[in-house]
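Got a structure for you, questions after.
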Number of protein chains: 2
Amino acid sequence: MVVEIVTTGTELLLGQIVNLNAAYLAEGLNKLGFDVLYQTTVGDNRDRMKQALTIALDRADIVITSGGLGPTQGDITKEVSASLFDKELSLHQASLDNIKEICAFRGYPMAQNNIKQAMIPDGAIVLDNACGTAPGIILENNGKVIINLPGPPFEMKDMFQKKVIPYLTGKYGMDSIILSRVLNTVGIGESTLEESIEDLILAQSNPTLALLARPGEVIVRITAKASTKKEAEQMIEVLESEIRNRIGEYIFGTDDIGIEEVVGNLLKKKHLTIACAESCTGGLLTSRITDVPGSSEYLYGSVVSYDNEVKISELKVPASILGSVGAVSEETAKAMAEGIRSKFNTDIGIGITGIAGPDGGSNEKPVGLVYIAITGHSGTKCYKNQFKGKRTAVKYRATQTALDIIRRYVKET
Amino acid sequence: MVVEIVTTGTELLLGQIVNLNAAYLAEGLNKLGFDVLYQTTVGDNRDRMKQALTIALDRADIVITSGGLGPTQGDITKEVSASLFDKELSLHQASLDNIKEICAFRGYPMAQNNIKQAMIPDGAIVLDNACGTAPGIILENNGKVIINLPGPPFEMKDMFQKKVIPYLTGKYGMDSIILSRVLNTVGIGESTLEESIEDLILAQSNPTLALLARPGEVIVRITAKASTKKEAEQMIEVLESEIRNRIGEYIFGTDDIGIEEVVGNLLKKKHLTIACAESCTGGLLTSRITDVPGSSEYLYGSVVSYDNEVKISELKVPASILGSVGAVSEETAKAMAEGIRSKFNTDIGIGITGIAGPDGGSNEKPVGLVYIAITGHSGTKCYKNQFKGKRTAVKYRATQTALDIIRRYVKET
C-alpha cells in the first residue's frame with residue numbers, strides 16, 4: 001500500500017516552521033509496514049491544493065493530510081478533499097456538541113466559525129479529536145482513501161495513534177511488520193558510541209542499526225522486518241543483547257521512556273524521596289522530574305536559589321564559601337545539595353550551580369561550567385561539567401546530566 | 001517566479017530525520033521575494049523522481065532540489081534532472097581536481113565512486129562545494145531552471161548562500177521583496193481572535209493576514225510584498241495599527257520575542273523583583289523566567305512546594321486553609337503568592353496550584369484546574385483557569401497564563 005503525506009499551510013511554505021508532522025506520520029506509517037513514497041506540502045489555496053491532492057490520489061492508495069481543519073476561512077482541506085470524491089458536507093451534530101462542550105469547558109462561548117468544523121462530508125468516518133475542536137475524517141472512494149488530520153502536532157499525534165492506526169491495521173491487515181526498538185543512552189558521545197559498535201553498523205542488513213544524536217543524549221535504533229511480531233522481536237533481541245554487552249551502562253531505557261521516568265521509577269521502587277536546590281537551571285530539573293505522573297510520591301519540594309542571599313538563608317551555604325571560592329564551585333554545589341536535603345529531610349538532595357550564559361563567564365569559569373552535587377545515604381559526590389551551546393541548551397544538558405547522576409546514585413544505593 | 005523545493009532521500013520518507021532543508025530553503029527564497037508554492041519529498045528511485053520533477057517543472061519556474069549528489073549508486077538527482085532537459089553528462093575536470101584535493105586534505109585516497117560526482121550535465125553552471133565533494137549544478141532550459149544542491153545541511157546552506165542567491169538575484173533582479181511581521185497574542189482563543197478581525201482577513205490581498213495557534217498562544221502574521229523594504233514596512237504598519245486597535249491588549253510582542261522576555265523587560269524597566277511559589281507547574285514558570293539572559297536581575301528565587309508540608313513550612317500557608325478548602329484553591333494560591341513574596345521580600349509574588357493530571361482530579365476539581373495568584377504593590381489577585389491536554393501541556397499552559405498575568409499586573413503597576 002502506497003501512502004502520500006500531504007501537509008498544508010503557509011507557515012510551511014514560508015519556512016517559518018519545520019515540518020515535524022510529515023516526519024512523525026512517515027515514521028508511524030513505515031512502522032506499520034506502509035510505503036510512504038511521497039510527501040507534498042501545499043498552501044491553503046483551493047486550486048493548488050486540489051491539484052496536489054489529485055496527483056496524490058493518482059500515485060498513492062492512501063493520502064493522509066495534516067492541517068487546514070481549523071475554524072478559519074483559510075482552512076479548506078476537508079472541503080477540497082470532499083470535492084475530489086464528489087461529496088457534499090452536512091452538519092454533524094455529535095461533532096458540534098463536542099465543540100460546544102470543549103468551548104464550555106474552556107470557559108468561553110462557541111464562536112460561529114466553529115460550526116464550520118462540524119461540517120462533515122457525507123459518508124465520511126469521523127475521527128473525534130480528544131485534544132481540540134477539529135474532528136478528522138476518513139473518506140473512502142473506489143479503493144482510494146483520504147484521511148484528513150488536524151495540523152497542531154499534539155492533536156494530530158493523538159488522533160493518529162488512537163484512530164488512524166486501528167483503522168489502517170483493521171482495513172489492510174499487514175502481511176509483514178516492521179518493528180523498531182530504541183535504546184536511549186546518556187553520558188556517551190555519538191562518535192564514541194559509534195566506535196563501540198562500528199562492526200555491527202557495517203554488518204547491518206536486517207535488523208538495521210541507526211544512531212541519532214539528540215540534545216543531551218544519543219539514541220540507537222534497531223529496526224527489524226519480519227512476518228510476525230514475535231520473529232521481529234527475536235531478531236531485535238539478539239542485536240540488542242550484543243549492544244548492551246558493550247555499552248549497557250549508558251543505556252537508561254528503551255523506546256519512548258524518558259530519563260525522568262526512569263529516575264522516578266527507581267525512586268519509587270526504593271522508596272526514596274528527593275529535593276533539589278537549583279541555581280543556573282532555574283527550576284528546570286524539578287520541572288522535568290514533575291513531568292512524570294505520580295512524581296509527588298518522591299519529589300518533596302525544591303528551592304531555586306538564584307540570588308546568593310537565597311543560597312545562604314534557605315540552603316545554609318556558608319557565606320565564607322561564597323566569598324572565597326564563589327557561587328559556581330564544587331563546595332557551593334555540595335553545600336546546596338546538603339542544605340536542601342537537610343531542610344526538607346529527604347533521602348536525596350541535589351545541588352546545581354553554574355554559568356548558563358551568555359554573559360557571566362570568565363577564563364577560569366567559562367560559560368557552560370556547571371557543578372552538580374548529589375547527597376544521600378551513600379555520601380556526597382560532586383561532578384564538574386562543561387556544556388556547550390546557548391543558555392537554554394546549557395540548562396537542558398545540565399538537567400539531563402543531573403538526572404543521569406541521580407539514576408546512577410540511586411541504582412547503587 | 002514560482003519555486004518548488006524537491007527534497008530527496010529515504011531518511012525523509014522513513015521519517016528518520018526532519019526536513020530542515022526544506023524549511024531553510026523556503027525561508028531564504030521567500031525573503032528574496034520568490035513564491036515557494038510547493039514542496040515535494042521523493043525517494044532515490046529513478047521513475048518516481050523523474051515523475052516528481054516533471055510535475056514540479058510543469059507548475060513552477062524554478063525547481064530546487066536537495067540531496068542525491070553523493071558518490072553512491074542511490075545518488076541519482078543530477079542524472080534524472082539532466083535527462084528531463086535531454087542533457088548528457090561529461091567529466092568536469094575542475095570538479096574532479098577539487099574532489100581529489102578534498103580527499104587529500106582529509107588524508108584518504110579518492111574512491112572510484114567519487115568520479116561520478118564530477119560528471120556534469122552539458123551546459124550546466126557548476127556550483128563549487130566549499131564544504132564537501134559534491135558540486136551543485138544549475139540547468140536552464142526554455143525559461144525553466146533546475147538547481148541541484150547537496151543534501152547535508154551545512155553543504156547545502158553554504159552553497160545556497162554563496163552561489164544560489166547571487167545567481168537568482170542576478171538573473172531575476174528581484175523587483176519586489178516580501179516582509180513579514182508576527183504579532184504574538186496570549187489570552188484570546190483562535191476563533192475569537194479571528195472573529196475580531198474577520199473583515200480584515202476576508203479583505204486581505206497584500207498584505208496578507210494569517211493566524212496560527214501554538215500551545216498557549218495565537219500568532220497573527222502580516223506579510224507584505226512591495227518594491228522596497230520601506231514600502232513593505234509602511235503597508236504592514238497600516239494593517240498592524242488597525243489590528244492593535246481591536247485586540248491590542250492581547251498582543252504581548254512582535255516577531256521572535258517570547259513572553260518570558262517581554263515580562264523580563266517590563267520588570268527591569270520598572271525595577272521590580274519577583275519570586276514564585278509553584279506547585280503543579282513544578283518549577284517550569286521559574287525555569288521559563290530564567291531562560292532569559294540577565295534574569296538574575298529580577299528573579300530572586302522560588303520554592304517548588306510539591307508537598308503540603310512545604311506549603312506550610314516554607315510559604316506559611318495556614319494548615320486550616322489546606323484542611324478546609326484544600327491545596328487547589330484560590331485561598332491557597334493567594335497564600336502561596338503572599339508567602340513567597342514575604343519570604344524573599346520581593347516586589348511581586350506568584351502562587352500557582354492546580355491539578356496537572358492525569359490522576360488526582362474530581363468532579364469538583366477536575367484535571368487541568370489551576371489557580372494562579374499574583375501579589376504586589378497593587379494588592380493580591382487570583383485567577384481560576386481550566387486547561388486541557390496532558391500533564392505537560394497543562395503545566396505549559398499554566399506558565400503561559402501566569403506570564404501573561406505578570407505582564408498585565410506589571411504594566412498596570
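Every number here is computed from the coordinates shown, using simple stated rules; none is lab data. These numbers come from a predicted model, not from an experiment. Neighbour counts run over all protein chains shown; Cβ positions are idealised from the backbone, glycine included.
So, in Å, what gap is there between the alpha-carbon centers of the stretch B:36-112 and the stretch B:346-413?
54
List, in order, the whole-Hz ³J(HN,Hα) value for each residue of the stretch A:271-286 obtained from phi through the Karplus relation with A = 6.51, B = -1.76, C = 1.60 and θ = phi - 60°; use x for Gly and Pro.
Listing the rounded values in order: 6, 10, 10, 9, 9, 10, 10, 10, 10, 5, 7, x, x, 5, 4, 5 Hz.
Mind checking the mean number of beta-carbon atoms from other chains within 10 Å of the Cβ atoms in A:271-281?
2
If you don't mind, another one. Given a 10 angstrom Cα cut-off, can you work out which residue in B:LEU32, B:LEU179, B:LEU272 is the most mobile in a GNM of chain B?
B:LEU272
Cα to Cα, under 15 Å, and not fewer than 8 places away if on the same chain: which aspartates and glutamates meet these conditions relative to A:LYS78?
Result set, ordered by chain and number: A:ASP44, A:ASP47, A:ASP86, A:GLU88, A:ASP122, A:ASP128, A:GLU140.
Follow-up. Taking every DSSP beta bridge with both residues inside chain B, roughly what % is antiparallel (nearest 5)?
Around 60 percent of the beta bridges assigned by DSSP in chain B are antiparallel ones.
Now for a separate question. Taking a point 7 Å out from Cα toward Cβ as the label site, list the nm distances between A:ASP128 and the same residue in every other copy, smallest first.
Its label point is 6.4 nm from the equivalent points in the other copies.
Starting at 0 and stepping by 10 Å, how many percent of the alpha carbon pairs of the stretch B:1-122 end up in each bin?
12, 37, 34, 15, 1
What does the structure give for A:141-154 when I average, per residue, the other chain Cβ atoms found within 10 Å of the residue Cβ?
Mean inter-chain Cβ contacts per residue within 10 Å come to 1.
Using a cut-off of 29 Å between alpha-carbon atoms, which lysines can reach B:LYS270, once sequence neighbours fewer than 8 places away in the same chain are excluded?
List returned: A:LYS311, A:LYS390, A:LYS395, B:LYS316, B:LYS334, B:LYS343, B:LYS381, B:LYS384, B:LYS395, B:LYS411.
How would you classify the stretch B:155-225 from its alpha-carbon gyration tensor, with a ≥ b ≥ c the square roots of the eigenvalues: rounded for a/c under 1.5, else prolate if a/b is greater than b/c, otherwise oblate?
Verdict is oblate for the stretch B:155-225.
Work out how much length A:SER196 to A:ASP35 would gain on full extension: take 0.36 nm times their residue separation and subtract the Cα-Cα distance, in nm to one decimal.
Gain on stretching A:SER196 to A:ASP35: 54.7 nm.
Which residue, B:GLN39, B:GLN117, B:GLN16, has the most motion in a Gaussian network model of chain B that connects Cα atoms within less than 10 Å?
Judging by the Gaussian network model, the answer is B:GLN16.
If the reach is capped at under 19 angstrom between alpha carbons, list the lysines near B:LYS100, excluding any in the same chain fewer than eight residues apart.
B:LYS116
Rounded to the nearest 5, what % of DSSP beta bridges with both residues in the protein assembly as shown are antiparallel?
The antiparallel fraction comes to roughly 65 percent.
Provide, in order from the shortest bin, the percent of all Cα-Cα pairs of the stretch B:259-412 in each 5 Å bin, continuing until the bin that contains the maximum pair distance.
Bins of 5 Å from zero give 2, 11, 21, 25, 20, 13, 6, 2, 0 percent of pairs.
Here's a follow-up. Under the rule a/c < 1.5 gives rounded, and otherwise a/b versus b/c splits prolate from oblate, where does the stretch A:85-178 land using the Cα gyration tensor?
Oblate shape, in that a/c is at least 1.5 and b/c is the bigger or equal ratio.
Another question, if that's okay. What spacing in nm lies between the two simple spin-label points modelled at B:SER227 and B:ILE102, each 7 Å away from Cα in the Cβ direction?
Reported label-point gap for B:SER227 and B:ILE102 is 4.2 nm.
Evaluate peptide A:5-16: per residue, the Cβ atoms of other protein chains within 10 Å of its Cβ; return the mean as an integer. Working shown, then result.
Numbers: counts 3, 0, 3, 0, 2, 5, 6, 6, 13, 12, 14, 10.
Counting other chains' Cβ atoms within 10 Å and averaging over A:5-16 gives 6.
Further, regarding this structure: Cut-off 10 angstrom, C-alpha nodes, Gaussian network model of chain A. Which of A:VAL218, A:VAL310, A:VAL370 fluctuates the most?
Maximum among the listed residues: A:VAL310.
Placing the label point 7 Å from Cα along the Cα-to-Cβ direction, what are the distances from A:SER313 to the equivalent spots in the other copies, shortest first, in nm to one decimal?
With the label placed 7 Å along Cα→Cβ, A:SER313 yields 1.8 nm.
Distances from A:ARG246 to the same position in the other copies: list them in nm, one decimal, shortest first, using label points 7 Å from Cα along Cα→Cβ.
Those label-point separations list as 6.1 nm.
Let me ask something else about it. Roughly how many nanometres apart are two label points built 7 Å out from the Cα toward the Cβ at A:GLN51 and B:SER241?
3.9
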